[in-house]
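Note sheet for the following structure.
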Amino acid sequence: MAELTALESLIEMGFPRGRAEKALALTGNQGIEAAMDWLMEHEEDPDVDEPLATPLGHVLGREPTSSEQGTSSTAGEGKPVLSEEERQEQTKRMLELVAQKQREREEREEREALERERQRRKQGQELSAARQRLQEDEMRRAAEERRREKAEELAARQRVREKIERDKAERAKKYGGSVGSRPSPPAEPGPVPSSPSQEPPTKREYDQCRIQVRLPDGTSLTQTFRAREQLAAVRLYVELHRGEEPGGDQDPVQLLSGFPRRAFSEADMERPLQELGLVPSAVLIVAKKCPS
């Protein structure tokens, strides 16, 4: 039996005839190993089984001459004859070569898959870092916005307090002058217990005072003040919240206590509500004060 040709060896190893012929033709008939490399590399190509445009055996589109055919036939006849064992050994070597090429291909594909996975993880980490930076920027902007709003709120409160202080100072200067030089009126006696046989209740300290102010038009204002606040704070509250009256500037208010009847002076305006006996609650009446 003659030695197997390259085409026969490829067919013996399990490659389809069409693929084997195509591989040998495209590798320039350089041998089984080159053809096997081509077959392993193009195994997944969709057109791997499509025949070549130029039939096998043609050279640049021409038919082989009779001399070339004869030379090929003579060369085939001159090949040494192989025994069955030698033929099997040759097939075994070819199969080992195929297995080696397959392993090399699998290792190459595994390396490529690992590289793709590494790139995918790197891109995922970069994307995660970008998202984290974006979230940190948003949180920083939100914190700055809250600080700015809080600062504006504190500034507005400060402006209100300053306005109240200016109003108090202007009113004291216009109507009362220096109130510290005026003598304080004598303290009026406190309420007498309704029954002599009853023991007076234990005196309780109050931190707040609820004041109801009745206006000349019949309406009333109710507000809670601290027990240590001055009576001037009540008067300022009334002046800021009473209704506007026709005729331009409004006269300053005069505060009266309901029972016992008492008209509070400018000196009383600097005294705490607790000291004036208006704690824990009291009803005051507003009467217009005639300017001096």
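Taking (1) part of a loop (DSSP other than H, G, I, E, B); (2) modelled with pLDDT of 70 or more in turn, PRO64 satisfies each apart from (2).
Please verify whether THR91 is farther than 17 Å from LEU7 by Cα and at pLDDT below 80, treating the condition exactly as stated. Taking the combined requirement at face value, the residue does not satisfy it. Checking the stretch 97-117 against the condition returns no match, with no residue being aliphatic (A, V, I, L, M), closer than 23 Å to GLU33 by Cα and modelled with pLDDT under 50.
Looking only at residues in the stretch 261-292 that are out of contact with any Ser or Thr (no Cβ under 9 Å at 6 or more places or on another chain), open to solvent by less than 70 Å² (accessible area, probe 1.4 Å) and over 21 Å from GLU170 (Cβ atoms), the one that is modelled with the highest pLDDT is PRO272. Scanning the stretch 220-251 for residues that are at pLDDT 85 or above and polar (S, T, N, Q) returns SER220, THR222, GLN223, THR224, GLN230. Sort out which residues of the stretch 16-44 are in a loop (DSSP other than H, G, I, E, B), open to solvent by less than 60 Å² (accessible area, probe 1.4 Å) and at pLDDT below 85, and write them in order of number. Result: GLY31, HIS42.
The values are calculated or read from the model by the stated rules, or taken from the named source; none is laboratory data. Everything quoted here is computed from the prediction, not taken from an experiment. With ideal geometry, Cβ positions are generated from the backbone for all residues, glycine too; neighbour counts draw on all protein chains shown. Ligands, DNA and RNA are stripped out before the accessible areas are found, and what is left, the full protein with its side chains, is counted by its heavy atoms. Shrake-Rupley method; radii C 1.70, N 1.55, O 1.52, S 1.80 Å.
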